[in-house]
Amino acid sequence: MPEFRILLLGGTGEARELAARLAGDARLHVIVSLAGVTSNPETYPVETRIGGFGGADGLADYLKKHRISAVIDATHPFARSISTNAVAAAGERKIPIVRLVRPAWQPEPGDNWTPARDVEHAVELVPDGARVFLAIGRKEVSRFANRHRIWCLMRMIEAPDEQTRLPPGELLLARPSHFVDDEKALMERHRITHLVAKNSGGPAGYAKIQAACVLHLPVVMIRRPSLPAIAEVESVDGVLAWLDDIFTVPETG
């Protein structure tokens, strides 16, 4: 019986769920790849590698060397580089690829959202004098460093490098809370007037969006980057159906 080798580009809750559901299929050899942006990543029940590939060409070489049969991109919606490289590498190797994309958040009644094209645009949209809750992670927080007339609460899981320039404010090392009351209390305690967030979608970070709505705070919502067009699904079940189509994978669970 042939062994289908799957490269799962992970780092999200959906990727962990998918790995767990694929781990029990003896015909599949699943390799999860993590970017290594956190020092203590979540564990997966399958073979795991950590680190980059060296661009699209390096990833294409990896696919060839490890005889990968298909690629599943279950990275963060804002992981533009690896998603773009994955499409190019899979195309070069002529192997199937699918992108698991959680649905984006949509404004609800009472929300006060201003859409931003990207982080640079978000910097422009924040007014002087604002007390900003920056919920954009650590990689791009330095974009706000030249805004000297705002105060920022910068929440991230791990501290940025010492060389990273930070805007005026306070650094909070913590994961987002799943509870609206916790996020609301955090914003009230720091007298937040504006929230800047990326439209990541999913339940994990949505409580802060709901809290901002409860407090009637304006939200600068950064839209997702454009990615090369490939097959996309919105759920783990969608990936399993896609695999079933190309590999006749038996049902799991």
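The values are calculated or read from the model by the stated rules, or taken from the named source; none is laboratory data. Every value quoted in this text rests on a predicted model; they were computed, and no experiment measured them. Reconstructed Cβ throughout: ideal geometry from the backbone, glycine too, with neighbour counts over all protein chains shown.
When residue 98 is tested against (1) out of contact with any Asp or Glu (no Cβ under 9 Å at 6 or more places or on another chain); (2) hydrophobic (A, V, I, L, M, F, W, C); (3) within 30 Å of residue 229 (Cα to Cα), only condition (1) is not met. For the range 100-145, a tally of residues being assigned to a helix (DSSP H, G or I), among the small types (Gly, Ala, Ser) and surrounded by 18 or more Cβ atoms within 10 Å (Cβ to Cβ) returns 1. Being in a loop (DSSP other than H, G, I, E, B), loosely packed, with under 13 Cβ neighbours inside 10 Å and in contact with a helix residue (DSSP H, G or I) (Cβ under 6 Å, 6 or more places away or on another chain) is a description that applies to residue 165. Scanning the range 26-48 for residues that are touching a helix residue (DSSP H, G or I) at 6+ places or on another chain (Cβ under 9 Å) and among the charged types (D, E, K, R), we see that the one that is nearest to residue 91 (Cα to Cα) is 27. Between 108, 120, the distinction of being among the acidic types (Asp, Glu) and in the same structural domain as residue 190 (by TED's automatic domain parsing) belongs to 120 only.
Among the residues of the range 152-162, those identified as without any contact (Cβ under 8 Å) to a residue 60 or more places away in the chain and either over 18 Å from the mean Cα position of the chain (by Cα) or in a loop (DSSP other than H, G, I, E, B) (or both) are 152, 153, 159, 160, 161, 162.
In the range 168-210, which residue that is of a type in the set (Gly, Ala, Ser) and farther than 21 Å from residue 126 by Cβ is surrounded by the fewest Cβ atoms within 10 Å (Cβ to Cβ)? Within the range 168-210, the match that is surrounded by the fewest Cβ atoms within 10 Å (Cβ to Cβ) is 174.
The helices (runs of 4 or more DSSP H) located wholly in the range 169-252 that include 2 or more residues which are within 30 Å of residue 96 (Cα to Cα) and free of Cβ contacts under 8 Å to residues at least 40 places away in the same chain occupy 236-247.
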